[in-house]
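S.K.: Have a look at this one before I ask anything.
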Amino acid sequence: MIAAAIAIASCGSAQEPAQTPADGLISRLSALVDDGKIMYGHQDDLMYGHSWKLADDATEYVQSDVYAVCGKYPAVYGMDLGGIELDWPANLDKNIFDQMRASAVAHHERGGIVTFSWHPRNPLTGGDAWDVTSDQVVASILPGGEKHEYFMGWLENAADFLESIKTADGETVPVIWRPWHEHTGSWFWWGQKLCTTEQYKALWQMTYDYMVGERALDNLVWAYSPGAGELTSVEVFGERYPGDEIIDMVGFDCYCGTDYERYSNSMKNALDITKAFAEEHGKLMAITETGHEGLKNPKWWTEVLYPVMKDYPVSYVLTWRNACDDNMQHHFYAPFPGQESAEDFKAFAGLEDIVML
């Protein structure tokens, strides 16, 4: 999209082309990076927290574990479209889609940025996104495949939702759109061992051609994000890259265990590779998913995460969700009041180069 905008502007037209919502978001992120700022993000932040869940009839989106700890909202708000493909009323994490849409608008109007990933179910087997029992799924949904028309209906549902995120006065909300992520691993049906390089690129091209070419969605900033564990070189990072004409932002997903040195080394490796690739291709970069499950280190924010990323041109860093299920009380990636890293998070959120709302 960046390249397309530049090409239009340089054609000698007397009138500058109108800036799309996506262009505006790219410009905003670029300005923050130029200013040395990193936006902090949290997945599902307004939908639920460690000990609460949004009521089914809620119409206000003000509760947040992050806000309860530091008095500020995360600048970036992540959600997932898994389930939209089958017309479910709520996504795979039981978030009601109507509330997801409304909360995205509320976050945008608060001054924040919204990003969506997608964990669609397996269109060939009927299983979930993690069903890797067949290596023919991507082949089956590409043009000519037995599930192509069926899957195009899934893309239509996703596009309908992304297009519908509008303010009350009709303003379209820009969205960082991050499908087909962590493809360098093989735990999703679109992963490394489940399709060829050509098939994976064709999946991206098909998605883009439909959403931008056919549906003319102009509010999507397209993000490409492999998993950090498999990144050994810039060449590996770009092996399945679908092309500069599609992608606006590159990033990676990297999670922390209890070996903090190993995490820091993995992050530095991924950041070095992503930075080199981003600079070569003229793209924004981000840490699209990270976190330390259970936040067992009370100084994780200022002594583990921040030191390894602070010197890179990272547009945002997003930590994963705080599950509210009774059987998943250990599954949280942002602090809540009383959690042992809460005070350190307040210090992190107060740093001059970390952007909150």
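The values are calculated or read from the model by the stated rules, or taken from the named source; none is laboratory data. Everything numeric in this text was worked out from a predicted model, so none of it was measured. Here the Cβ is made from the backbone with ideal geometry for all residues, glycine too, and neighbour counts use every protein chain on show.
S.K.: Identify, by number, the condition in (1) under 18 Å from the mean Cα position of the chain (by Cα); (2) not in a helix (DSSP H, G or I) that M211 doesn't meet.
M.R.: (2)
S.K.: Would you check if there is a residue in the range 291-302 being within 16 Å of the chain's Cα centre (by Cα), in a strand (DSSP E or B) and more than 14 Å from A228 (Cα to Cα)?
M.R.: Within the range 291-302, none of the residues are within 16 Å of the chain's Cα centre (by Cα), in a strand (DSSP E or B) and more than 14 Å from A228 (Cα to Cα).
S.K.: Follow-up. Output the qualifying pairs, or none if there are none: Cβ atoms under 6 angstrom, residues six or more apart or on different chains, first residue in the range 160-188 and acidic (D, E), second residue in a strand (DSSP E or B).
M.R.: E182/G227; E182/D253
S.K.: Considering only the range 50-78, how many residues are of a type in the set (K, R) and in contact with a Phe, Trp or Tyr (Cβ under 7 Å, 6 or more places away or on another chain)?
M.R.: Number of matching residues: 0.
S.K.: While we're looking at this one, here's another question. Got at least one residue in the range 18-40 being modelled with pLDDT under 95 and either aliphatic (A, V, I, L, M) or touching a strand residue (DSSP E or B) at 6+ places or on another chain (Cβ under 7 Å) (or both)?
M.R.: yes
S.K.: May I ask you to say which residue of E343, E280 is of a type in the set (D, E), in a helix (DSSP H, G or I) and touching a Gly at 6+ places or on another chain (Cβ under 9 Å)?
M.R.: E280
S.K.: What are the pairs, 6+ residues apart or on separate chains, where a residue within the range 95-113 that is free of Cβ contacts under 8 Å to residues at least 60 places away in the same chain has its Cβ under 9 Å from a residue that is hydroxyl-bearing (S, T, Y) and part of a helix (DSSP H, G or I)?
M.R.: Matching pairs, first to second residue: N95/S103.
S.K.: Right, L305: assigned to a loop (DSSP other than H, G, I, E, B) and buried (at least 22 other Cβ atoms within 10 Å of the Cβ) or not?
M.R.: Numbers: assigned to a loop (DSSP other than H, G, I, E, B): no; buried (at least 22 other Cβ atoms within 10 Å of the Cβ): yes.
Judged against the criteria, L305 is not a match.
S.K.: Pick out the one residue from D353, D344, D325 that is within 25 Å of K268 (Cβ to Cβ), among the acidic types (D, E) and surrounded by fewer than 18 Cβ atoms within 10 Å (Cβ to Cβ). If you could, list the steps in order and put the result at the bottom.
M.R.: Working: D344 fails: surrounded by fewer than 18 Cβ atoms within 10 Å (Cβ to Cβ); D325 fails: within 25 Å of K268 (Cβ to Cβ).
Criteria check complete, one pass: D353.
A quick yes/no check of all residues on (1) of a type in the set (K, R); (2) farther than 20 Å from G227 by Cα; (3) crowded, with 18+ Cβ neighbours inside 10 Å; (4) modelled with pLDDT of 95 or more:
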{"site": "A90", "(1), (2), (3), (4)": "no, yes, no, yes"}
{"site": "S103", "(1), (2), (3), (4)": "no, yes, yes, yes"}
{"site": "G111", "(1), (2), (3), (4)": "no, yes, no, yes"}
{"site": "T133", "(1), (2), (3), (4)": "no, yes, no, yes"}
{"site": "S140", "(1), (2), (3), (4)": "no, yes, yes, yes"}
{"site": "M152", "(1), (2), (3), (4)": "no, yes, no, yes"}
{"site": "T184", "(1), (2), (3), (4)": "no, no, yes, yes"}
{"site": "W190", "(1), (2), (3), (4)": "no, no, yes, yes"}
{"site": "Q199", "(1), (2), (3), (4)": "no, no, yes, yes"}
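S.K.: Output the residues belonging to the range 263-294 that are out of contact with any Asp or Glu (no Cβ under 7 Å at 6 or more places or on another chain) and hydrophobic (A, V, I, L, M, F, W, C).
M.R.: Residues satisfying the conditions are M267, A270, L271, I273, A276, F277, A278, M285, A286, I287.
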